[in-house]
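Structure first, then comments.
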Amino acid sequence: MKLADLLPELLADLESALLNVGRGDLLAQIKEATIAASRYDDFSDTTYLQLSAEPVDMMHVERISLYDELGVNVDSDDHGRLCGIEILDSKRKYARDF
């Protein structure tokens, strides 16, 4: 499923937040991102949306923190490809199962 179809409000928020932190290079990828898998942690109310169908070496991921703006972290691999989005307080913000 495409991120834009599941969470259009998150997509719009991510676009402006990424521009504000100088990462407009990820905008085209965000718009076309497909969710390959998701994991939810009930204790922390955190959802991780995996956007890469291939396993990602988390040791080589750049984490772009948009915590102050959105409560979200965006991960890209060492080739600049978007690979995941971590949403903190996800049920409270989006009131849905992933």
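Enumerate the calculated ³J(HN,Hα) couplings along the stretch 44-61 in order (Karplus 6.51 cos²θ - 1.76 cosθ + 1.60, θ = phi - 60°), each rounded to whole Hz, writing x wherever the residue is Gly or Pro.
Each residue's phi maps through the Karplus curve to give 9, 6, 10, 10, 10, 9, 7, 9, 10, 6, 8, x, 10, 6, 5, 6, 10, 9 Hz.
Roughly how big is the stretch 3-94's charge dipole about its Cα centre, with Cβ charges of +1 (Lys, Arg) and -1 (Asp, Glu), in debye to the nearest 20?
Computed charge dipole of the stretch 3-94: roughly 140 debye.
Spin-label point model (7 Å from Cα, Cβ direction): what's the H60 to D25 distance in nm?
Those two pseudo-labels are separated by 1.6 nm.
Could you work out Rg/(2.2 N^0.38 Å) for the stretch 3-94, with Rg from alpha carbons only?
Working: Rg = 12.2 Å, N = 92, 2.2 N^0.38 = 12.3 Å.
Its radius of gyration relative to the 2.2 N^0.38 Å reference: 0.99.
Could you check which residue among A36, A28, A17 shows the biggest mean-square fluctuation in a GNM of the chain with a 10 Å Cα cutoff?
Comparing A36, A28, A17 in a Gaussian network model of the chain, the most mobile one is A28.
Full-extension gain between F43 and A12, please, as 0.36 nm times their residue separation minus the C-alpha to C-alpha distance.
8.4 nm
Read-outs: derived from the displayed coordinates by stated rules, not from any lab. What you are looking at is a predicted structure, and each value in this text was computed from that prediction instead of being measured. No Cβ is skipped: glycine too gets one built from the backbone with ideal geometry, and neighbour counts run over all protein chains shown.
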